[in-house]
Amino acid sequence: MNRRELLYGTGLGLVSGIAAHAGVKTSEPSEEKPNPKVLNLPDYQPVSMLHVRETHVEKARYPVIDIHTHISFSSKSSNGVPMVAERRYAATPEELILVMDSSNLRSMVNLTGGYGSGLSETVAKYDKVFPDRFYTFTEPAYARIMEPGYPRIQAELIEQAHRDGARGLKVLKTLGLYLRDNVTTGKLIKIDDPRFDPMWDACGQLNMPVAIHISDPSAFFLPTDRFNERYEELNNHPDWSFYGRDYPSNLELIDARNRMIARHPNTHFVVLHVGNFAENLENVSQAMDRFPNMNVDLAARIGELGRQPRTARAFFEKYQDRIMFGTDATPHVHNYPQQLFGGDLYSIYYRFLETDDEYFDYAPAKVPPQGRWRISGIKLPDDILRKVYNGNAARELRVSI
Ligand SMILES: [Zn+2]
C-alpha cells in the first residue's frame, strides 16, 4: 500500500483533500524541497505571546532569612578545593543592606565563611557590625586532610569556629566530587568517609546546622548532547559536567549522603538545592521521611520546582516545617543570572512562593539559564509562607525573629 492508499484507507485522505482544496499545503510528498533557515541556538530568544497576569512582588510578605548566600570566598582554590584561610569579599555589608531593606530581606546567611583567621575576619566585618543581618558559616579545612590526626583536628576546628562566631557548617560539593586522597590528586573521597565523622558529631553537639551541597542537577551527569535538557548551560560551562572520568553517579552520591546522615541522627542537616534532587521530589520525600534531622532549602532550584507547581506545592504542604528560603545569591556574578544578588532575583522567588502567576521567568535573564522553560507560582498560604521565609531557619539558627 502506498502512502495515498493508506491515507484514504484510514479516512485521513478526506482531511487531506479539504486542505488541498483550501490552498493549504498538505503533508503529501512534493518536489519542492523546503529550505528552512538555520538559527544558532544562543540566538534564539523567543518572546512569549501569552497574556497572563504579572504580579510584581518587590518586598516579601514576611521578613526573610536567606539561608544560602555567598559573600566571602577562599582567596585560593585548586581543582575545586579551597586551599587557604584568607578570604576575598564580593560586596560590602552596606551595599548589601540597601538591597536587603528594599526586599524585606532581614538576614543573609553567608555559607562560605571559611575557617581560621579568614572566618574570624568575615564574622568581624559582617556579623559583628550588623547583628542579625548577617550570619556566617564555617567550612572544613580540606587542605589539611593528609595530616595525621585530621579527623580530630577538623572536629577541633569546628569547636574553634563556634567560639569565633560561626553559626553552622557548610559543605560544598567539594566533598564527593573534587576532594581526593592527596587533596587534589588520587582517588575521590566519599561523602561518608569516616574521617569526617568527628566533624559531623561536633556540629551536632554544638547545635550548628550543617548546610550540605552534594551532587548537582541530574543532567550534569549525562553527556552534553542534543538530548540534554541543560545543553546550553553545560556547553557554556564544560567544567560543570560530571559525566565520565572517575565521577560517581548522582544516585551514588545521594546514597553516600544518606549513609552519612543515618550515622549522625543528632546532627541537623540542611540539604541544599531541595535535597540535591529537585527533579525528583519523590526521592527527596523518601529521604525526609527517613531522616527527621534533614531539612532542605530552595536555592537555585525554583526553575525545577516551578515547572512542577502542583507536585511542588504538595511537597511544601507536607514538609512545611523543614523547608527554608534560600537563593544561592552572590553579588556581582553577572554570568550566572540565576544567582545574581539583587532585587530582581528576590522578587522572582517571592512571586513563585506568593502568587499563582503562570509561565514566568525563573531568573532575571533573556534566555532561561538553567534549561529553556518557564515556571508557575505555588501561592503558599500565610502560615506556610512565614515558616519558609523565616520560622524554620530561625529555629535551626537559634535566633528569634
Ligand atoms: Zn551555594
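The values are calculated or read from the model by the stated rules, or taken from the named source; none is laboratory data. Just so we're clear, the structure is a prediction, and the values are computed from it rather than from any experiment. Here the Cβ positions follow ideal geometry from the backbone for every residue, glycine too, while neighbour counts run over all protein chains shown. Accessible surface areas use protein heavy atoms only, side chains included; no ligands, DNA or RNA. Shrake-Rupley method; radii C 1.70, N 1.55, O 1.52, S 1.80 Å.
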Subject >> Within region 351-371, tally of residues that are in contact with an Asp or Glu (Cβ under 8 Å, 6 or more places away or on another chain) and aromatic (Phe, Trp, Tyr) >> reply: 1
**OP:** Look at ILE212 and say whether it is within 16 Å of the ligand (Cβ to nearest atom) and more than 19 Å from ARG144 (Cβ to Cβ).
**Re:** yes
Subject >> Subset of region 334-365 that is within 16 Å of the ligand (Cβ to nearest atom) and without any contact (Cβ under 8 Å) to a residue 24 or more places away in the chain - its residue that is surrounded by the fewest Cβ atoms within 10 Å (Cβ to Cβ) >> reply: ASN335
**OP:** Look through ILE97, ILE65 and report the one residue that is among the hydrophobic types (A, V, I, L, M, F, W, C), within 16 Å of the ligand (Cβ to nearest atom) and outside any loop (DSSP other than H, G, I, E, B).
**Re:** ILE65
Subject >> Hey, SER72 within 16 Å of the ligand (Cβ to nearest atom), out of contact with any Leu (no Cβ under 8 Å at 6 or more places or on another chain) and modelled with pLDDT under 95 or not >> reply: no
Original post:
Does any residue of region 313-323 turn out to be within 16 Å of the ligand (Cβ to nearest atom) and either surrounded by fewer than 17 Cβ atoms within 10 Å (Cβ to Cβ) or at negative phi (or both)?
Top reply: no
Subject >> Selection within region 338-364 - closer than 17 Å to HIS273 by Cβ and not hydrophobic (A, V, I, L, M, F, W, C) >> reply: GLN338, GLN339, TYR349, TYR362
Subject >> Answer from LEU305, LEU298 - the residue that is within 16 Å of the ligand (Cβ to nearest atom) and under 14 Å from the mean Cα position of the chain (by Cα) >> reply: LEU298
Original post:
Would you pick out the residues in region 168-208 that are among the basic types (Lys, Arg), open to solvent by 40 Å² or more (accessible area, probe 1.4 Å) and within 16 Å of the ligand (Cβ to nearest atom)?
Top reply: LYS173
**OP:** Would you be able to say whether some residue in region 184-196 is farther than 26 Å from ARG259 by Cβ and in contact with a Phe, Trp or Tyr (Cβ under 8 Å, 6 or more places away or on another chain)?
**Re:** no
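Okay, residues lined up against (1) of a type in the set (Gly, Ala, Ser); (2) modelled with pLDDT of 95 or more; (3) closer than 21 Å to LEU111 by Cβ:
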site	(1), (2), (3)
THR136	no, yes, yes
GLY168	yes, yes, yes
VAL183	no, yes, no
ILE191	no, yes, yes
ASP201	no, yes, yes
**OP:** Keeping to region 181-201, report how many residues are within 26 Å of the chain's Cα centre (by Cα) and touching a residue at least 24 places away in the same chain (Cβ under 8 Å).
**Re:** 12
